[in-house]
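Right, I'll just put the structure down here and ask away after.
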Amino acid sequence: MDRFLIRGGGELEGRVDVSGAKNAALPILAASLLSAEALELRNVPQLQDVRTMQRLLAGMGVQIQREGDWMRLQASDLFSVEAPYDLVKTMRASILVLGPLLGRFGEARVSLPGGCAIGQRPVDQHIKGLEAMGAEIRIEHGYLLARADRLRGARIVTDMVTVTGTENLLMAAVLAEGETLIENAAREPEVVDLARVLVAMGAHIQGIGSDQLRVEGVHALRGASHRIMPDRIEAGTLLCAAAACGGRIRITSALPASMDATLEKLREAGASLQTGEDWVELAMHERPLPVNLRTAPYPGFATDMQAQFMALNALADGTSIIHETIFENRFMHVQELNRLGANIQIEGNTAVVKGVRGLSGARVMATDLRASAALVIAGLVAEGETSVERIYHLDRGYEGMEGKLQQLGARVERVRA
Ligand code: UD1
């Protein structure tokens, strides 16, 4: 298993491009199932999760061409409507094929994802919504077996805001008969990016970007081309790294308009920020100030930025409180940050972070995607050498992270197993 070897200390300086958003790319790739015509995409990030989605779709018969960040997918003939356990267990977002398969082919067989490192993460809301649209769903041998002659429009109110749940229901609704109303819909920019692709394919959707999506089903969708939005979490991670290390960086090909909560908290931490339409510049020359956080659905503070901000808070001049309200087990980075010398205590879904002056390098283990990013940030600051092991978690969602950090002057290298 690859690891990162980091020699900490030193400010970050320079300029780096952000890649396309993983969480927009995954549902958009799945949307290719909705049409017999080709979907052409640009700015597709080269990530393990994207490769998993590619394998999943190719295994059903979707024809895929890929060159760099360009991709063309065409689902004219499928020979399978199954998402097998071996792929689903490595990526929960595989569930995103359920809505489109059911919408277009009236049939899907998708392995249940099971638990994951950051909590239970059930898919009951996906199922409830599809059943309201007339699908018959049962569980057999660990698989969700779903059937419907043609889905019909329905009013769906989800019990909580769910991102992939909203995306699945939206993709099912675009080919359903009549009108579907999705209430309490997720407003994440990635949901908006997906909705835009669907509209380009001929879907009728109103309320895009709001918590109420109104969809008038159509009989068929056509091909389209689309550029995947920039990854706001990758951008936020790089900014957190620079805020922790100090220095001045400029990130480009970004979308600051999707990053308000993160930028606001970085300002509170003492960073000075400037933004343009597609760039952000951060300068930080003081020890960070402590910042209290509460994760929430968009436009609140993203749970996917919580771990990285905790690494920053670990160094702050004072104590901060972090509430994680989305996932019940998303503090697994705490033990490892403490091994680097941080002083963090957890009580239920709250972490109390007492800032320390410095961290000291050690061997640490990545446990999930964003936890890995937090450990990398801590390692960049820590005195001496830090080895972040099981970096495959990071590779699921960050494209060439070590290259981007090196571009900013960080001393980080990948040690291949
Ligand atoms: C997506 C993101 C992930 C991010 C998360 C929250 C993708 C591919 N992944 O994950 O990076 O951390 O949003 O912003 O976009 N829930 C249920 N039942 C359901 C669905 C969800 O109880 O049927 C709960 C979850 O356990 C969680 C909360 O709802 O507590 C929000 O989860 P959700 O928004 O669905 O997360 P994902 O879509 O899996």
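Any idea which of R55, R42 is within 26 Å of E188 (Cβ to Cβ), without any contact (Cβ under 8 Å) to a residue 40 or more places away in the chain and surrounded by fewer than 24 Cβ atoms within 10 Å (Cβ to Cβ)?
R55
OK, next. Working only within the range 359-402, note down all residues that are closer than 14 Å to E336 by Cα, touching a Lys or Arg at 6+ places or on another chain (Cβ under 7 Å) and in a strand (DSSP E or B).
V364, M365, S387, V388, E389
Now for a different question. What residue, of A36, A21, A25, A30, is surrounded by fewer than 24 Cβ atoms within 10 Å (Cβ to Cβ) and either at pLDDT 95 or above or aliphatic (A, V, I, L, M) (or both)? Full working, then the answer.
Numbers: A21 fails: surrounded by fewer than 24 Cβ atoms within 10 Å (Cβ to Cβ); A25 fails: surrounded by fewer than 24 Cβ atoms within 10 Å (Cβ to Cβ); A30 fails: surrounded by fewer than 24 Cβ atoms within 10 Å (Cβ to Cβ).
Testing whether each residue is surrounded by fewer than 24 Cβ atoms within 10 Å (Cβ to Cβ) and either at pLDDT 95 or above or aliphatic (A, V, I, L, M) (or both) leaves just A36.
Another question, then. Give me a count of the residues in the range 194-205 that are away from the ligand (no atom under 15 Å from the Cβ) and part of a helix (DSSP H, G or I).
Residues flagged as away from the ligand (no atom under 15 Å from the Cβ) and part of a helix (DSSP H, G or I) within the range 194-205 amount to 4.
Return the residues of the range 316-331 that are more than 14 Å from the ligand (Cβ to nearest atom) and aliphatic (A, V, I, L, M); say none if nothing qualifies.
Correct list: A316, I321, I322.
Among R150, R155, which is the only one that is touching a strand residue (DSSP E or B) at 6+ places or on another chain (Cβ under 7 Å), charged (D, E, K, R) and at pLDDT below 95?
Testing whether each residue is touching a strand residue (DSSP E or B) at 6+ places or on another chain (Cβ under 7 Å), charged (D, E, K, R) and at pLDDT below 95 leaves just R150.
Given V376, V353, V381, V364, which one is modelled with pLDDT of 95 or more and under 19 Å from F301 (Cα atoms)?
Exactly one residue qualifies, and that residue is V353.
Could you look through the range 342-369, keep only residues that are small (G, A, S) and under 22 Å from I233 (Cα atoms), and pick out the one that is surrounded by the most Cβ atoms within 10 Å (Cβ to Cβ)?
The extreme case among them is A366.
For the range 49-92, name all the residues that are within 12 Å of the ligand (Cβ to nearest atom) and out of contact with any Lys or Arg (no Cβ under 9 Å at 6 or more places or on another chain).
The answer is M53, and nothing else.
Moving to a separate point now. If only one of V88, V44, V18, V97 is within 19 Å of the chain's Cα centre (by Cα), under 20 Å from L170 (Cα atoms) and not basic (K, R), which one is it? Step through it out loud before you land on a result.
Details: V88 fails: under 20 Å from L170 (Cα atoms); V44 fails: under 20 Å from L170 (Cα atoms); V18 fails: under 20 Å from L170 (Cα atoms).
The match here is V97.
Now for a different question. What are the residue pairs meeting all of these: first residue in the range 196-217, first residue at negative phi, second residue buried (at least 17 other Cβ atoms within 10 Å of the Cβ) and of a type in the set (S, T, Y), Cβ atoms under 6 Å, and 6 or more apart or on different chains?
Cβ pairs passing all conditions: M201/S35; V215/T180.
Have a look at I205, I249 and point out the one that is closer than 23 Å to P290 by Cα and among the β-branched types (V, I, T).
Of I205, I249, the one residue that is closer than 23 Å to P290 by Cα and among the β-branched types (V, I, T) is I249.
Right, next: Would you be able to say whether some residue in the range 280-298 is within 10 Å of the ligand (Cβ to nearest atom) and either under 13 Å from C240 (Cα atoms) or over 23 Å from the mean Cα position of the chain (by Cα) (or both)?
Going through the range 280-298, the residues within 10 Å of the ligand (Cβ to nearest atom) turn out to be 295-298.
Right, trim to either under 13 Å from C240 (Cα atoms) or over 23 Å from the mean Cα position of the chain (by Cα) (or both) and you get none.
Checked the range 280-298: no residue is within 10 Å of the ligand (Cβ to nearest atom) and either under 13 Å from C240 (Cα atoms) or over 23 Å from the mean Cα position of the chain (by Cα) (or both).
The values are calculated or read from the model by the stated rules, or taken from the named source; none is laboratory data. Everything quoted here is computed from the prediction, not taken from an experiment. Heads up, the Cβs are rebuilt from the backbone with ideal geometry, glycines too, and the neighbour counts pull from every protein chain shown.
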